[in-house]
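Notes for the one structure printed next.
The values are calculated or read from the model by the stated rules, or taken from the named source; none is laboratory data. Bear in mind that the values here come from a model prediction, so they are computed numbers and not experimental data. Neighbour counts are summed over all protein chains in view; Cβ atoms, including those assigned to glycine, are modelled from backbone coordinates with ideal geometry. Accessible surface is based on the protein model in full, side chains and every heavy atom, while ligands, DNA and RNA are left aside. Shrake-Rupley method; radii C 1.70, N 1.55, O 1.52, S 1.80 Å.
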Amino acid sequence: MKRMDLHNTVLFVFFVSAITGISVGNRVFEKETTIVFESGKERYHTYRIPALVVTTKGTLVAFCEGRENRSDAGNIDLLVRTSRDMGKTWSPANVIWSDGDNTCGNPCPVVDQQTGTLWLLMTHNLGKDRETMIINGSSQGSRTVWISRSEDDGLTWTIPMEITRDVKMSSWSWYATGPGAGIQISSGQFKGRMLIPCDHIEKETKKYYSHILFSEDHGKTWKFGGSTPQDQVNECEVVELPGGRLMLNMRNYDRSKKNRAVSFSDNGGMDWSDIRHDPALIEPICQASIRRFSEPSNAGTKSTLLFSNPASTDARVNMSVRLSYDDGQTWPVSSVLHAGPSAYSCLAILPDGTIGCLYEKGQRDPYETIVFDRFSLDWLKSNEPRDLKPITSPGEESSPSDHPL
């Protein structure tokens with residue numbers, strides 16, 4: 001478990017701008033796309049599972065898995081890069097966690113806005129233990145939960161520490177943190193509580209659920225919060241709504257409803273409402289990201305949510321960002337970042353009010369690159385399609401039977 005640079009000098013990364021320019025303040029800002037990780041480069045066959053946060057000092061911190069092959073199992077390291085110029089250039093990649101031929105992954109970071117500390121929750125399993133083996137009980141080991149922290153804006157990280165006993169029930173087999181990012185509750189009774197979205201599978205029933213972890217002591221201890229009352233959901237993200245309410249937005253395996261599942265909590269994530277499905281948020285069974293852009297204010301600011309995923313019912317294509325002005329009840333604005341193959345994503349609000357989306361993008365398949373798109377709210381609204389319909393393509397499909405990443 002050692003830290004190492006993947007290269008000795010800072011890489012110059014190129015970005016391309018979209019044609020349409022829009023105004024941000026007194027200047028014109030164009031959508032920028034920067035390649036952050038490129039599969040086949042710097043010793044790794046494939047880069048997957050992006051996560052993105054912005055520190056209290058304005059540094060962008062991007063995480064992903066570096067894989068020796070395309071598989072979700074085997075030798076997988078957890079990597080990080082940082083940017084101090086809004087994503088135009090990025091530091092060399094650094095390995096946060098490497099454990100030989102074993103699997104270190106599922107990054108889910110959260111920033112403590114009060115202390116500035118970055119917390120990173122992760123999972124680990126033996127490289128020989130595939131997900132199906134862990135689920136059916138034939139694996140040599142199990143899925144464990146770990147944590148690391150950074151006090152210097154992501155430059156260095158502590159040696160990962162295991163917290164499985166505190167956050168995983170003995171009746172569970174599979175377990176995943178995130179992927180994506182956690183949040184810290186900003187107001188109300190539970191102000192300051194940090195939340196990490198997770199999922200698990202029960203050993204006996206083989207049913208899969210979403211749940212959250214939380215910390216109320218600035219990351220010193222982590223505890224299991226509430227789990228969804230119904231199954232057929234897993235990878236998720238959580239967002240804070242006005243009045244202290246939380247919404248969990250989840251990957252859905254009920255193929256009679258090809259859209260995202262949602263659940264709500266009014267007690268800081270300790271209990272969750274019955275699952276319902278959002279007909280506007282179509283999905284092909286894939287991870288997604290949801291983030292609050294703004295709170296309602298007396299000055300007229302609207303309560304605004306952002307959502308990103310491959311907007312298709314059948315394939316991982318059409319990476320799109322949607323906008324809601326009513327806390328996710330409707331999503332009237334949508335814009336496509338990349339119409340081709342695309343999969344996992346993570347949204348962040350940048351210090352200047354622009355939006356960042358770190359996501360998997362390719363021309364033949366979604367896993368060729370992990371890119372960072374930066375754009376403004378006005379760009380998002382000005383580039384929305386008239387009608388965002390489901391798209392089908394030869395891209396990779398998902399099936400509940402093999403529980404793919």
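Let's see how each residue does on (1) open to solvent by 40 Å² or more (accessible area, probe 1.4 Å); (2) out of contact with any helix residue (DSSP H, G or I) (no Cβ under 6 Å at 6 or more places or on another chain); (3) in contact (Cβ under 8 Å) with a residue 40 or more places away in the chain:
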site	(1), (2), (3)
K203	yes, yes, yes
K207	yes, yes, no
G226	no, yes, yes
Q230	yes, yes, yes
E240	no, yes, yes
G243	yes, yes, yes
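All conditions but one from (1) open to solvent by 30 Å² or more (accessible area, probe 1.4 Å); (2) within 22 Å of W172 (Cα to Cα) apply to A280; the one that does not is (2).
Condition check for R316 on (1) under 20 Å from V262 (Cβ atoms); (2) at pLDDT 95 or above; (3) not hydrophobic (A, V, I, L, M, F, W, C): one failure, at (1). The strands (runs of 3 or more DSSP E) falling completely within region 31-104 that include 3 or more residues that are buried (at least 24 other Cβ atoms within 10 Å of the Cβ) map to 46-54, 60-67, 76-83. Quick test of your reading of the structure: K257 fulfils all but one of (1) modelled with pLDDT of 95 or more; (2) in contact with a strand residue (DSSP E or B) (Cβ under 6 Å, 6 or more places away or on another chain); (3) outside any strand (DSSP E or B). Name the failing condition by number. Single failed check for K257: (1). Picking from residues in region 293-312 that are modelled with pLDDT of 95 or more and part of a loop (DSSP other than H, G, I, E, B), the one that is farthest from R245 (Cα to Cα) is S312. Do we have any residue at all in region 192-203 that's farther than 30 Å from G243 by Cβ and touching a Cys at 6+ places or on another chain (Cβ under 8 Å)? No, region 192-203 contains no residue that is farther than 30 Å from G243 by Cβ and touching a Cys at 6+ places or on another chain (Cβ under 8 Å). Taking the stated definitions as given, is D266 in contact (Cβ under 8 Å) with a residue 40 or more places away in the chain and farther than 27 Å from E65 by Cβ? Taking the combined requirement at face value, the residue does not satisfy it. In the set D314, D378, D326, D352, only one residue is more than 20 Å from the chain's Cα centre (by Cα) and either buried (at least 24 other Cβ atoms within 10 Å of the Cβ) or without any contact (Cβ under 8 Å) to a residue 24 or more places away in the chain (or both); that residue is D326. Picking from residues in region 84-140 that are small (G, A, S) and in contact with a His (Cβ under 9 Å, 6 or more places away or on another chain), the one that is farthest from M161 (Cα to Cα) is A93.
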